[in-house]
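Report on one structure; see the data block that follows.
The values are calculated or read from the model by the stated rules, or taken from the named source; none is laboratory data. The model shown is predicted, which means the values in this text are computed figures rather than measured ones. Because the Cβ atoms are built from the backbone with ideal geometry, glycine has one as well, and the counts that use them run over all protein chains shown.
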Amino acid sequence: MSTLRKKARITSVVAGIGIVAVLAAGCSRGGDSGGSSDGPVEASPGITDTSITLGITTPLSGATAGPGTCTVAGITAWFGAKNAEGGVEFGDGKTRTVEIDALDDAYDPQKALANFQQLEGSAFLMTSGLGTPTNRAYREAAIADEVPQVLIQTGDPIFSNQEESPWQLGFVPIYQNEGAAFGELLAASGEDHKVAILSQNDDYGEGYVEGFKEAIEGADNIEIVDELTYEATDTDVNAQLTELAATDADVFFNAMSITPLVISSLLKTQELGWLPSWFLPSNTSSPGAILTPGNAVAFPGIYTVAFAQSASAPTFAESEEGAAFLSNLAEYADYPDVPAFPHCVWSYQIGATLEQVFAKMTEPTRENFMEQLRTIDGFTAPLMLEGASINTTEDGQPAISGVTVQKYNGAGYATAETFG
């Protein structure tokens, strides 16, 4: 077990706990959101009158450990600060501390499923974990066992379909929305562009490409000249990059989720003498962790999308929210550095969103939690970009659906009003 698991816990979780806190005997589990049931209800696993445990399975080792660590650090920082203030007040009038139990899945679906099976008896819900294949690995089990799998860090739209996934909800924008935002900006440029596409050969890559293609459909100024894929297990994509470079495309749409591959791709295209403008997904576009080591300033433009402020922005620490975030991250999550990945900010926002739901819960049950989760509308979480907000009421969409296209300026990102 990773030592990070111990650091991730806000307070220690008693091993082997299978909480069934019976508030009164002979009562139904359900109940309406107003708390007007016939009597007290039996609490779901993972919650007592004084605490609630959140489970996380996420990559804390391997190629995606950087962003994976952040999926735990931010939410730990948020609830660590709340616990220090005495806990979180729930809608049933009780104040509870929030405990976090995080396990390493190394971006391996089988490990993610095993982690879920280990956590489902002691954690009230699963949240924040990174990755489409890893979150999909235990999706059906979570539905069958009626365990909330919510505000997770994958843009797979299946998690936001209430009919197919009644116990789930994504947090970050779906891949199609990100790809479409860039496609719309490119199509609106009015200039002719040749586009080369490289995407991960799974639902992640397919979603980005789908959204991009739909956005440029009918745009006479955009031509896709070549389209290739790679496997998430590949150690390099040099062959694909060499083929794509031969097209002399001026735009490279790179739907890639593996941090080392993005860096090596940036460097390889420079070696090949191919210098197009790039599109990168929000989760692999970090200025400090990816663009700087990849010498991204060599390209005419690096574009991505965002809904949250970047902790690496020069003025971030000067704001009240930014300073509080960095302080809480260092004190409660043992994360003293300015995070290079956006996932730290995202999981901090997930903590704030969960607190909003807890404040509405009138019963200590997973059913009541899901009812209240679907009622959040117009909540502006800390560190959100202007105009962005949390809306969990729209079926088919995650908690955040809107994004802003941004362009790298050599140090951070600025809003891209136009392409070019």
- Query: Which one of the conditions (1) out of contact with any strand residue (DSSP E or B) (no Cβ under 7 Å at 6 or more places or on another chain); (2) closer than 30 Å to Thr57 by Cβ; (3) touching a residue at least 40 places away in the same chain (Cβ under 8 Å) does Pro314 fail to meet, given that it meets all the rest?
  - Reply: (2)
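Residue under question is Asp236, and the condition is that it be in a loop (DSSP other than H, G, I, E, B), at pLDDT 95 or above and acidic (Asp, Glu); does it hold?
Spelling it out, Asp236 is indeed in a loop (DSSP other than H, G, I, E, B), at pLDDT 95 or above and acidic (Asp, Glu).
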- Task: Kindly indicate whether Glu363 is within 30 Å of Pro40 (Cα to Cα) and out of contact with any strand residue (DSSP E or B) (no Cβ under 8 Å at 6 or more places or on another chain).
- Result: yes
- Residues that are among the charged types (D, E, K, R) and either exposed (fewer than 14 other Cβ atoms within 10 Å of the Cβ) or without any contact (Cβ under 8 Å) to a residue 24 or more places away in the chain (or both), drawn from the range 233-247: Asp236, Glu243
- Message: Can you tell me which condition Phe252 does not meet? The list is (1) more than 23 Å from the chain's Cα centre (by Cα); (2) of a type in the set (Phe, Trp, Tyr); (3) at pLDDT below 95, and all the others hold.
- Response: (3)
- Query: Name the residues in the range 154-167 that are buried (at least 24 other Cβ atoms within 10 Å of the Cβ) and touching a Phe, Trp or Tyr at 6+ places or on another chain (Cβ under 6 Å), would you?
  - Reply: Gly155
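Yes/no per residue for (1) in contact with a Phe, Trp or Tyr (Cβ under 8 Å, 6 or more places away or on another chain); (2) surrounded by 24 or more Cβ atoms within 10 Å (Cβ to Cβ):
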residue	(1), (2)
Leu54	yes, yes
Thr64	yes, yes
Asp104	no, yes
Pro109	no, no
Gln118	no, no
Ala142	yes, no
- Item | Index of the failed condition, Thr233 passing every other in (1) among the β-branched types (Val, Ile, Thr); (2) over 23 Å from the mean Cα position of the chain (by Cα); (3) over 28 Å from Gly402 (Cα atoms) | (2)
- Output for the range 236-249, where each listed residue is among the β-branched types (Val, Ile, Thr) and over 30 Å from the mean Cα position of the chain (by Cα): Thr242, Thr247
- Message: When you scan the range 390-403, do you find a residue that is part of a helix (DSSP H, G or I) and either over 20 Å from Lys82 (Cα atoms) or in the same structural domain as Gly301 (by TED's automatic domain parsing) (or both), even just one?
- Response: no
